[in-house]
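Note sheet for the following structure.
The values are calculated or read from the model by the stated rules, or taken from the named source; none is laboratory data. All values reported here derive from a predicted model rather than from experimental measurement. Here the Cβ is made from the backbone with ideal geometry for all residues, glycine too, and neighbour counts use every protein chain on show. Just so you know, the surface numbers come from the protein's heavy atoms only, side chains and all, with ligands and any DNA or RNA stripped out. Shrake-Rupley method; radii C 1.70, N 1.55, O 1.52, S 1.80 Å.
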Amino acid sequence: MSTRRAFLTSAAAGAAVLATGAPSLHAIGSLPAPAPGKHELPPLPYAADALEPFIDAQTMQIHHGKHHLAYVNGLNKAEDELAKARAADDFALVQHWSKQAAFHGGGHWLHSMFWKVMGKPGAQGGGEPTGELLAAITDGFGSFTSFKKQFSAAAAAVEGSGWALLHYRHDDGRLIIMQAENQHKLTSWGATPILGIDVWEHAYYLKYQNKRPDYVAAWWNVVNWTAVSGNLASLQR
Ligand code: MN3
């Protein structure tokens with residue numbers, strides 16, 4: 001057990017973590033905190049062709065400029081409409097727009113993380129994790145090789161559109177793999193994603209067509225482990 005884990009297993013530390021709560025998008029996504037309805041599309045942290053040959057430039061341009069933008073716009077609309085529905089005491093509409101906010105907000109949060117946990121292969125992307133992150137992965141999954149196998153299997157097996165996500169669980173400081181359907185279903189309370197792969201068809205279909213496992217295998221070449229380590233460290237504080 002790591003020092004961190006031992007620390008987190010004490011009741012006092014657990015209470016402190018609960019009091020702090022999960023970080024906002026801005027902790028992991030490093031975005032300025034917007035007012036409701038004022039979310040903005042964050043720029044890609046690299047050129048659209050930076051992840052070639054594993055993820056092609058056209059896929060990146062459409063994925064970021066069209067799909068992610070649609071989630072940002074959808075979240076803004078949902079928040080604006082929610083405010084109106086609450087003011088009108090229209091609970092049916094509150095419920096409708098709450099679901100829209102969850103879907104589009106999930107999309108905005110996950111894509112903002114997704115761009116940041118990737119990088120140019122051979123430079124920021126690829127290789128293996130080190131330090132605390134490697135220790136936590138080894139602790140949770142036996143080895144990095146075993147983790148990759150299990151994460152890849154989770155990504156390949158997502159039913160329909162969704163994500164495979166590596167979460168940090170605040171209560172015990174462990175790393176766990178979970179799937180998300182769409183952007184917001186099949187989650188667990190008290191855990192925050194630090195790494196994820198988008199397996200919606202829009203993320204890979206232009207280059208890989210129906211061969212999702214090939215896309216997942218290629219994606220490891222662009223994972224930015226330094227960024228993932230930073231995400232973990234931001235949650236362990
Ligand atoms: Mn996507």
Förster radius 25 Å - calculated FRET efficiency between Ile62 and Lys211 (Cβ-Cβ, nearest 0.05): 0.85
Counting only residues 5 or more places away or on other chains, whose amide H sits under 5 Å from the amide H of Gln124 once H atoms are built in the peptide plane? none
Segments 44-54, 105-115 sorted - mean Cβ within 10 Å per residue, highest first: 105-115, 44-54
Spelling it out for Trp200: with amide H atoms placed in the peptide plane at 1.01 Å from N, the residues 5 or more places away or on another chain with amide H under 5 Å from its amide H are Gly162
At the level of C-alpha centres, the distance separating the stretch 168-237 and the stretch 54-90, in angstrom, is 20
Rolling a 1.4 angstrom probe over the protein heavy atoms, how many square angstrom per residue are accessible across the stretch 131-236? 41
Can you compute the label reach from Ala153? Point 7 Å from Cα along the Cβ direction, backbone N cut-off under 17 Å, restricted to the stretch 200-237. 213-214, 216-217
Among the lysines, which fall within straight-line cross-link reach of Lys38, defined as a Cα-Cα distance under 19 Å, with same-chain neighbours fewer than 8 residues apart omitted? Lys66, Lys77, Lys84, Lys99
Computed [θ] at 222 nm, helices only, for the chain once each DSSP H run of length n ≥ 4 contributes -39500 (n - 2.57): -15500 deg cm²/dmol
Report the Cα-based extents of the chain along its three principal axes, largest first, to the nearest Å. 54, 50, 31
Go through the stretch 36-46 residue by residue and turn each phi into a ³J(HN,Hα) via Karplus (6.51, -1.76, 1.60, θ = phi - 60°); whole Hz please, and just put x for glycine and proline. x, x, 10, 5, 10, 5, x, x, 4, x, 7
